[in-house]
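The values are calculated or read from the model by the stated rules, or taken from the named source; none is laboratory data. Please read these numbers as outputs of a predicted model, since none were measured by experiment. Don't worry about glycine lacking a Cβ; one is built from the backbone with ideal geometry, like all the others, and counts go over all protein chains shown.
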Amino acid sequence: MISQTAEYALRAVVCLAQNPDKPHTTAEIAKWTKVPEHYLSKVLLALAKHEVVYSKKGLHGGYVLAHDPENIPLLNVINAVDPIKHINSCPLKLKTHGTNLCRLHKRLNDSIKMIEETFRTSTIATVLNDPTQSIPLCESSTL
């Protein structure tokens, strides 16, 4: 449903939310989230451009969340790096369909809308507060 880039962005943002004590470098975040550092760098730049994270320059610089986890919908993170795509016209390019989707493509698009709404109403805090039996996403030294 979401791209690997969007998954990487979500991992990074959740990781920063779990480690809010100070700015963290791309290298630290990459190590904790198991995301290739060079790729994560591009993801973090996109997140900064969309004001999901802030970049702090200097000796003790790095990335921090731009907002409290309660105020960061998953959809904002996803859309910052790879927006969800809707089916607006016939994927098969059938002229008889145009923007009138067939039953299959309408149902698929309706499902995309439902998932998008879940991402819109779920925040980073929702993820952090959702109890599971696994360990936290980031295995940082501060956890």
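Laid out as a table, the results:
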item	result
Only one of P36, P23 that is touching a Lys or Arg at 6+ places or on another chain (Cβ under 8 Å) and either surrounded by fewer than 23 Cβ atoms within 10 Å (Cβ to Cβ) or at pLDDT below 95 (or both)	P23
Unique residue being aliphatic (A, V, I, L, M) and at pLDDT below 95 when the list is L65, L59, L44	L59
E70 in contact with a helix residue (DSSP H, G or I) (Cβ under 7 Å, 6 or more places away or on another chain) and modelled with pLDDT of 95 or more	yes
Filter result (over 8 Å from the mean Cα position of the chain (by Cα) and either crowded, with 22+ Cβ neighbours inside 10 Å or of a type in the set (F, W, Y) (or both)) within region 71-85	I72
Residue check, T118 under 27 Å from N19 (Cβ atoms) and either modelled with pLDDT of 95 or more or of a type in the set (V, I, T) (or both)	yes
Complete set of residues in region 41-60 that are in a helix (DSSP H, G or I) and within 25 Å of R120 (Cβ to Cβ)	K42, V43, L44, L45, A46, L47, A48, K49
